[in-house]
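Engineer: Here it is: the structure, laid out below.
All of the numbers you see were taken from the coordinates with simple rules; none came from a lab. The structure presented is a predicted model; accordingly, all values stated were derived computationally and were not measured. All Cβ positions, glycine included, derive from the backbone under ideal geometry; neighbour counts span all protein chains shown.
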Amino acid sequence: MLNELIVLKKLWVHFPQNRKKEFFFLFLLMILGSISEFFSIGLIVPLLTAITNPNLVFDNIYIIPFIRFLDITSNEQLIIFMIFTFILFAVFSGTVRILLIYQISNFSYLSGADLSVKIYSNIIHQDFENIQEYPSNDLISLLTNKCRLVISSVIYPFVNIIASSLIGIFIICLLIIVEPMISLLLLSSFVFLYLIIIKVSRINLISNSEIISKNHSKLIQIIQNSFGGIRDIIMHSSQNFLINEYKKLDYELQRAEAKNLFTGQSPKYFLESLSIVIFSLVIYFLSINGNQINNYIPTIAIIAFSAQRLLPLIQQIYYGVSSVRGVNESLSDVINSLNLKVKTKTSYNKSLVFKKSIILKNISFKYKGSEIEVLKNINIQIEKGDFVGIIGESGSGKSTLLDIFMGFLTPSSGNVYIDNKILNVETSKKWHCNFSHVPQNTFLIDDSIINNIIFFNKDHRIDDELIKRSIDLACLSKLVDKLPNKILSRTGELGSKLSGGERQRINIARAIYNNSKIFIFDEATSSLDSRTENQIMKNLYDLKKEKTIIMVSHKINTLKNCNKIYRLKDGKLNYLGGFKSAQKKIND
């Protein structure tokens with residue numbers, strides 16, 4: 001249990017301040033609930049005594065002042081008063097418990113949302129290179145499944161442990177006041193048995209937590225692969241193989257969760273039965289020893305009633321401990337993600353000013369954990385207003401060079417200079433604002449064409465004139481005009497309702513709409529027919545006076561409007577001159 005408390009303390013550190021204040025008021029409500037429970041159970045003794053032996057109540061020095069104040073003179077009046085008081089406290093106690101359940105649920109799930117948002121924020125604010133290291137299925141599992149598990153199996157149960165412990169302490173105090181020996185004997189028996197169960201189940205719960213964490217990620221990976229490669233799956237009739245893989249992982253996952261559920265809930269029924277047996281034996285021994293059983297009815301009743309309230313509380317405490325252990329691996333992943341260091345979360349609206357030139361000097365690069373240099377001693381100078389072409393085969397490092405140029409990757413050696421100022425980690429965040437980037441692998445959201453063009457800039461006022469211009473320059477007008485809902489027509493998930501060329505043109509329109517100073521086109525016209533590609537190239541060339549454009553392609557004809565062309569081969573960049581000179585050198 002100590003290990004769980006240490007882990008929970010690490011989680012608590014990440015709770016926002018307003019949620020910590022909310023917990024303080026929740027704790028006060030727990031104390032109020034505990035006090036109300038104490039009195040609602042405690043009133044059973046005077047109530048039953050008033051029914052079975054009213055003289056004892058009339059003679060009680062603590063109750064006499066109330067009896068005189070209320071002018072109670074008969075047994076009937078006494079019983080009515082005691083019943084009314086008991087009902088009043090029972091209703092009040094029940095109301096407080098309902099309110100407590102609501103507040104605990106609200107606190108737990110909103111706290112979970114706080115942590116989930118923080119994890120998402122931490123990840124999305126990571127450097128580009130760090131984000132690339134996270135498999136997407138692990139991220140989806142973390143933000144959807146593991147955060148949910150931490151809410152339902154850690155935060156909610158643990159807050160319930162605190163509430164149950166407080167109420168339990170008040171009930172135990174009441175039992176000790178009424179009948180210390182029997183109460184301590186019953187309580188120690190229950191606690192001892194639960195401690196044995198916790199000890200025995202620990203290894204299985206930790207093992208199951210590893211299965212749950214691992215299989216959640218693998219299932220998401222299978223789902224992603226299935227729908228991402230559905231054409232190949234259908235062509236090769238691979239459905240049964242994937243179904244068997246999915247079935248194996250899901251059954252293993254569900255078995256682990258079922259075992260955790262059984263481990264968490266089964267002790268309750270065993271101990272309920274045991275408590276009935278013990279309670280029956282106590283009544284039996286009291287009766288055979290010649291004791292007046294009527295004298296013990298109030299005591300027996302309060303012990304029975306307290307046990308009926310106490311057993312579920314002990315069960316909740318045990319279930320909370322087993323729940324935390326059952327998702328221990330997922331909890332560790334969540335805490336590790338909450339601890340991710342974020343250099344800055346500042347949003348730079350002001351871009352790093354680019355007035356004259358961009359120089360890449362002696363740039364070399366290799367990815368983390370690799371000794372292979374993808375880029376070797378790259379040198380290139382781009383003037384403002386240039387239309388630069390870079391040609392190279394697939395895998396030659398063209399996209400890596402662009403990521404360095406845009407400030408997403410830090411070179412292993414060498415520097416990038418913006419108007420003779422070195423681009424570093426801090427200035428790169430301002431430098432990003434200068435770019436509109438169109439990659440070969442287009443990304444569209446399942447939304448309208450217009451929302452895909454403005455993309456995640458919905459907070460800004462839509463420039464209708466710039467939208468129209470972007471659509472025209474990207475040769476999208478004919479497509480938009482023939483659709484029933486025009487620019488409000490939906491593209492489908494990842495642009496599934498559009499062809500590859502249409503998706504690329506929407507990405508080009510997005511780049512133009514962003515109206516950045518520098519355009520990067522990374523194989524951005526690979527899915528276009530020659531006529532459309534030529535028209536878009538002409539339109540982009542007309543923007544040359546306004547923008548600096550870098551065009552990457554493996555086809556020399558795509559670069560015919562470029563005033564400078566470079567070839568990237570074996571990690572080295574060579575200047576080929578203008579289009580005619582480059583064409584001749586490549587063909588030779």
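Engineer: Counting only helical runs of four or more DSSP H residues, what would the 222 nm mean residue ellipticity of the chain come to if each run contributes -39,500 (n - 2.57) and the total is spread over all its residues?
Structural biologist: The helix contribution divided over the chain gives -21000 deg cm²/dmol.
Engineer: What fraction, in whole percent, of alpha-carbon pairs in region 2-338 exceed 33 Å separation?
Structural biologist: Within region 2-338, distances greater than 33 Å cover 45 percent of Cα pairs.
Engineer: Show which lysines lie in cross-link reach of residue 572 when reach means a straight Cα distance below 17 angstrom and same-chain residues fewer than eight apart are skipped.
Structural biologist: Straight-distance partners of residue 572: 361, 366, 376, 398, 564, 585.
Engineer: Suppose R0 equals 41 Å; then what is the FRET efficiency for residue 477 and residue 136 from their Cβ-Cβ distance, rounded to the nearest 0.05?
Structural biologist: For residue 477 and residue 136, the calculated efficiency is 0.75.
Engineer: Sticking with this structure for a sec: Pull out the extension gain between residue 468 and residue 68, defined as 0.36 nm times the separation in residues minus the alpha carbon to alpha carbon distance; nm, one decimal.
Structural biologist: Separation in residues times 0.36 nm, less the Cα-Cα distance, equals 135.1 nm.
Engineer: Follow-up question, since we're still on this one. Want the number for residue 18 to residue 181: 0.36 nm per residue separation, take away the alpha-carbon distance, what's left?
Structural biologist: Length difference between fully extended and current span is 54.2 nm.
Engineer: Considering only Cα-Cα distances, which of the following residue pairs are longer than 32 Å: 517/580; 421/545; 384/569; 356/569; 118/356?
Structural biologist: With Cα atoms farther than 32 Å apart: 118/356.
Engineer: Find which of 70, 526, 166 sits farthest along the positive direction of the dipole of the chain, computed with +1 on the beta-carbon of Lys and Arg, -1 on that of Asp and Glu, about the Cα centre.
Structural biologist: Final value for the positive-end residue is 526.
Engineer: Roughly what percent of Cα-Cα pairs across the chain reach past 42 Å?
Structural biologist: 48
Engineer: What distance in nm separates the two pseudo spin-label positions at residue 35 and residue 545, each 7 Å out from Cα along the beta-carbon direction?
Structural biologist: That separation, rounded to one decimal, is 8.1 nm.
Engineer: Take the alpha-carbon centre of region 416-466, take the same for region 180-194, and report the distance between them in whole Å.
Structural biologist: 67
Engineer: While we're looking at this one, here's another question. Which of 410, 144 has the fewest other C-beta atoms within 10 Å, and how do the rest follow up to the most?
Structural biologist: 144, 410
Engineer: Oh, and also: In region 518-588, which trypsin sites (Lys or Arg not before Pro) are in a loop and have at most 10 other Cβ atoms within 10 Å, using DSSP for the loop call?
Structural biologist: Sites meeting the loop and neighbour criteria: 545.
Engineer: Which is the longest part of the chain that has none of the GluC sites (Glu not before Pro) sitting in a DSSP loop with at most 12 other Cβ atoms within 10 Å?
Structural biologist: Looking at the chain, 134-370 is the longest stretch - no exposed GluC sites (Glu not before Pro) with at most 12 other Cβ atoms within 10 Å.
Engineer: Among 516, 364, rank each residue by its count of other Cβ atoms within 10 Å, from fewest to most, as a rough exposure measure.
Structural biologist: So the ranking, lowest neighbour count to highest, is 364, 516.
Engineer: Which of the helices in the chain meet the span-like rule: DSSP H, Cα axial reach of 27 Å or more, Kyte-Doolittle mean at least -1.0?
Structural biologist: Once both thresholds are applied, what remains is 17-42, 75-124, 156-178, 180-228, 239-288, 293-326.
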